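One structure below.
The values are calculated or read from the model by the stated rules, or taken from the named source; none is laboratory data. Given the structure is predicted, the values throughout are model-derived calculations rather than measurements. A quick note on method: Cβ atoms are made from the backbone with ideal geometry, for glycine too, and the neighbour counts reach across all protein chains shown. Quick note on the areas: whole protein, heavy atoms, side chains included, nothing else; ligands and nucleic acids left out. Shrake-Rupley method; radii C 1.70, N 1.55, O 1.52, S 1.80 Å.
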Amino acid sequence: MATLLKIDVSPRGASSYSRQLGLTFLEGWKAAHPGSSVVERDLAQSPLPFLDLPWIAGAFTPPDQHTPEFAAALKPSNEVIAEVQAADHILITTPMYNFQIPAVLKAWIDHLVRVGITVNYGANGPEGQLHGKKVTVIVASAGAYPAGDPGAAYDHLTPYLKHILGFVGLTDVTFLAAAGVAGVQYGKISEEDWKKPFTEQAAELAKA
Ligand SMILES: Cc1cc2nc3c(=O)[nH]c(=O)nc-3n(C[C@H](O)[C@H](O)[C@H](O)COP(=O)(O)O)c2cc1C
């Protein structure tokens, strides 16, 4: 039985395009994986704390020497890691904010990357420990940053996510760039026409 971990980021609830496309993916994925289970983490509704001194001290102290403060600081990190370890497919739906991921998603990544658990340093450098999982990332953005276009250099979200997910071993990552929301906002294209190709892509990706 497969498990999908669905991570949502946008604070815009049902109006969020990344969430809407995520729901299309979810329906398709459930249809393609009967009897599967879905775990949802809503980073807008329940943001994770930022890393603090007890977290850092705890992460670099053997667990049998953890103080109650270290253990409390690491609890969200342990939960985030356990969810990813248990998942076969991870879906991240996110807006682009200021050419990057929103801070709540960065906080999730900071809890996920743990030396000795999700990444080990060996003779050949860092070795990610999360293997055999697919990741789908649905990104909504006002602008468009297609590969080969001079504007692509402004997209710091896609290369960063590719790098950091790969750093912990998540190398099978597919992006759906729901780009050009600005066209809807400025009345150049109807919401329906803008969304159609991305909805089709989300449904197609869900079959993988
Ligand atoms: C604070 C903020 C910063 C944004 N920064 C960017 C940006 O750097 N580049 C871009 O293309 N769109 C940017 N946008 C537009 C959003 O990515 C776009 O509205 C998207 O649809 C938001 O995702 P959602 O619909 O899932 O909430 C920004 C929007 C907000 C609210």
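Put simply, of GLN85, GLN45 the only residue that is within 16 Å of the chain's Cα centre (by Cα), under 26 Å from LEU205 (Cβ atoms), among the polar types (S, T, N, Q) and part of a helix (DSSP H, G or I) is GLN85. Residue count for the stretch 150-171 satisfying the condition of being open to solvent by 20 Å² or more (accessible area, probe 1.4 Å), touching a residue at least 40 places away in the same chain (Cβ under 8 Å) and more than 16 Å from the ligand (Cβ to nearest atom): 3. Scan the stretch 14-26 residue by residue and report those that are touching a residue at least 24 places away in the same chain (Cβ under 8 Å) and not charged (D, E, K, R). Answer for the stretch 14-26, where residues must be touching a residue at least 24 places away in the same chain (Cβ under 8 Å) and not charged (D, E, K, R): SER16, TYR17, SER18, GLN20, LEU21, GLY22, THR24, PHE25, LEU26. Answer yes or no: is there a residue in the stretch 45-56 that is within 14 Å of the ligand (Cβ to nearest atom), open to solvent by less than 30 Å² (accessible area, probe 1.4 Å) and polar (S, T, N, Q). No: zero hits. If the condition is being in contact (Cβ under 8 Å) with a residue 60 or more places away in the chain and either touching a Cys at 6+ places or on another chain (Cβ under 8 Å) or of a type outside the set (Lys, Arg) (or both), then the stretch 27-49 contributes GLU27, GLY28, TRP29, ALA31, ALA32, LEU43, ALA44, PRO47, LEU48. One residue alone among THR199, THR174 is modelled with pLDDT of 95 or more, in contact with a Leu (Cβ under 7 Å, 6 or more places away or on another chain) and surrounded by fewer than 16 Cβ atoms within 10 Å (Cβ to Cβ), and that residue is THR174.
GLU69 satisfies every condition listed in (1) charged (D, E, K, R); (2) under 23 Å from LYS133 (Cα atoms); (3) in a helix (DSSP H, G or I) except (2). Tell me, which residue of the stretch 115-149 that is more than 16 Å from the ligand (Cβ to nearest atom) and among the β-branched types (Val, Ile, Thr) is surrounded by the fewest Cβ atoms within 10 Å (Cβ to Cβ)? Among residues in the stretch 115-149 that are more than 16 Å from the ligand (Cβ to nearest atom) and among the β-branched types (Val, Ile, Thr), the one surrounded by the fewest Cβ atoms within 10 Å (Cβ to Cβ) is VAL115. A count restricted to the stretch 64-98 and to residues that are within 21 Å of GLY28 (Cβ to Cβ) and within 16 Å of the ligand (Cβ to nearest atom) stands at 4. The set of residues in the stretch 93-114 being open to solvent by 20 Å² or more (accessible area, probe 1.4 Å) and in contact with a Lys or Arg (Cβ under 9 Å, 6 or more places away or on another chain) consists of GLN100 alone.
So which of LEU5, LEU91 ends up being outside any helix (DSSP H, G or I) and in contact with an Asp or Glu (Cβ under 6 Å, 6 or more places away or on another chain)?
Residue meeting the stated conditions: LEU5.
Picking from residues in the stretch 159-176 that are in a helix (DSSP H, G or I) and of a type outside the set (Lys, Arg), the one that is farthest from VAL119 (Cα to Cα) is PRO159.
Count of the stretch 13-33 residues, restricted to those that are open to solvent by 10 Å² or more (accessible area, probe 1.4 Å) and either in contact with a Pro (Cβ under 8 Å, 6 or more places away or on another chain) or among the aromatic types (Phe, Trp, Tyr) (or both), is 1.
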